[in-house]
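FYI, it's all coordinate maths here, none of it is from the lab. What you see is a predicted model; the values in this text were computed from it and never measured. Here the Cβ is made from the backbone with ideal geometry for all residues, glycine too, and neighbour counts use every protein chain on show.
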Amino acid sequence: VRDTRGEALMQISKVILYGVNGRMRIVPFELGRMNIITGDSKTGKSAIGDIIDYCLGSSKCSIPDGVIRERVAWFALVLDFDGEKVFVARKSPGALQQNSEIYSYDVIVDDHIPCSSDEIMPNISKDSFKRNLSSKVGIGEMKGISGVLGSGASFPISLRHAMYYCMQAQNEIASRSILFHHQDRDYATRDIRETLPYFLGAVPEDVTLLAAERRSLQRKLDGVLEKLENEDGTRDA
């Protein structure tokens with residue numbers, strides 16, 4: 001993920017699974033290259049995308065029920081931000097829950113990462129987690145296009161919205177009716193409409209300030225016109 005202004009680059013360096021038995025499994029990725037995961041059918045390849053999505057703050061855990069959820073205590077990623085490495089982890093929901101709101105976030109020093117699930121400490125809320133990641137890739141305090149232009153209510157843009165344009169599941173690639181990741185979800189049409197102009201670079205960073213200034217000037221103009229109208233009415237009387 002890179003902000004449209006070129007301020008930061010986020011790449012996934014590692015996907016890490018911390019087992020309930022104290023062991024860990026690392027899936028490494030080469031930075032700056034296409035990485036292809038191969039293997040026999042039903043060995044967990046398709047779950048990698050779901051794990052990445054979950055670790056980056058998805059509202060629902062799409063990791064399939066069964067062996068993975070039952071045997072993994074924490075799902076984690078090592079993220080690379082132009083050389084700075086960050087360890088992010090999210091507790092597994094297990095087999096009985098839909099998701100978990102327990103997160104861990106740490107800047108990696110001397111390439112040290114937790115060696116077992118016992119070393120992972122919950123230390124951040126979900127909202128702070130999302131804000132930190134969004135800030136890292138240069139996504140500022142921007143709102144969707146409706147909020148920017150003052151044409152309606154909107155919401156702050158975050159790294160989560162970038163996932164529409166950075167990932168695709170196997171069934172999405174093969175679909176004739178779906179272009180973006182999770183486009184078939186209820187709220188996706190709204191999110192894509194509101195955020196795509198920003199990620200395409202069609203919304204400058206200062207457009208929010210300019211739009212706010214325009215609305216302020218419009219209110220002042222309306223006040224002056226109303227005052228003049230009242231004065232004209234008084235003279236006529």
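Once Lys and Arg get +1 and Asp and Glu get -1 on their Cβ, which of Ile68, Ser175, Ile36 lies farthest toward the positive end of the dipole of the chain? Value: Ile68.
Taking the chain as a Gaussian network of alpha-carbon nodes connected by springs under 10 Å, the highest mean-square fluctuation of the residues Ile51, Ile178, Ile108 belongs to Ile178. 3J(HN,Hα) couplings calculated from phi for region 104-109 with the Karplus curve 6.51 cos²θ - 1.76 cosθ + 1.60 (θ = phi - 60°) are, in sequence order, 9, 9, 8, 6, 7, 10 Hz; Gly and Pro show x.
For the pair Thr43 and Ser59 in one chain, pulling the backbone fully straight at 0.36 nm per residue adds 3.3 nm over the alpha carbon distance. Based on Cα contacts under 8 Å between residues 6+ apart, the chain shows a relative contact order of 17 percent.
In region 83-187, which GluC sites (Glu not before Pro) fall in coil by DSSP and have 15 or fewer other Cβ atoms within 10 Å? Listed in order of number, the matching sites are Glu101, Glu141. The loop-placed trypsin sites (Lys or Arg not before Pro) in region 51-114, going by DSSP, that have at most 13 neighbouring Cβ atoms within 10 Å of their Cβ come out as Lys60.
Using θ = phi - 60° in the Karplus curve 6.51 cos²θ - 1.76 cosθ + 1.60, the 3J(HN,Hα) couplings for region 50-64 round to 5, 5, 4, 4, 5, 5, 8, x, 4, 6, 9, 7, 9, 5, x Hz; x is entered for Gly and Pro. The distance between label points at Asn230 and Ser146 comes to 3.4 nm (points 7 Å beyond Cα on the Cα→Cβ vector). Residues whose amide H falls under 5 Å from that of Ser13, counting only those 5 or more places apart or on a different chain, are Val78, Leu79, Asp80, with hydrogens built in the peptide plane. Residues whose amide H falls under 5 Å from that of Met142, counting only those 5 or more places apart or on a different chain, are Ile157, with hydrogens built in the peptide plane.
Counting other Cβ atoms within 10 Å, which trypsin sites (Lys or Arg not before Pro) in region 175-206 have at most 14 and lie in a DSSP loop? Present the calculation step by step, with values, prior to reporting the outcome.
Values: sites: Arg176, Arg185, Arg190, Arg193; in loops: Arg176, Arg185.
Of the trypsin sites (Lys or Arg not before Pro), the ones in loops of region 175-206 whose Cβ has at most 14 other Cβ atoms within 10 Å are Arg176, Arg185.
For the residues Leu56, Leu221, Leu159, a GNM of the chain with alpha-carbon springs under 10 Å puts the largest fluctuation on Leu221. Dipole size of the chain about its Cα centre, with +1 on Lys/Arg Cβ and -1 on Asp/Glu Cβ: approximately 660 debye, rounded to the nearest 20.
Direction-averaged projected area, Cα convex hull, the chain: 17.9 nm², rounded to one decimal.
With θ taken as phi - 60° and the Karplus curve 6.51 cos²θ - 1.76 cosθ + 1.60 applied, the whole-hertz 3J(HN,Hα) list for region 222-229 is 4, x, 5, 5, 5, 5, 5, 5 Hz, x standing for glycine and proline. Estimated at 0.36 nm per residue, the fully extended path between Tyr187 and Asp111 surpasses their Cα-Cα distance by 23.5 nm.
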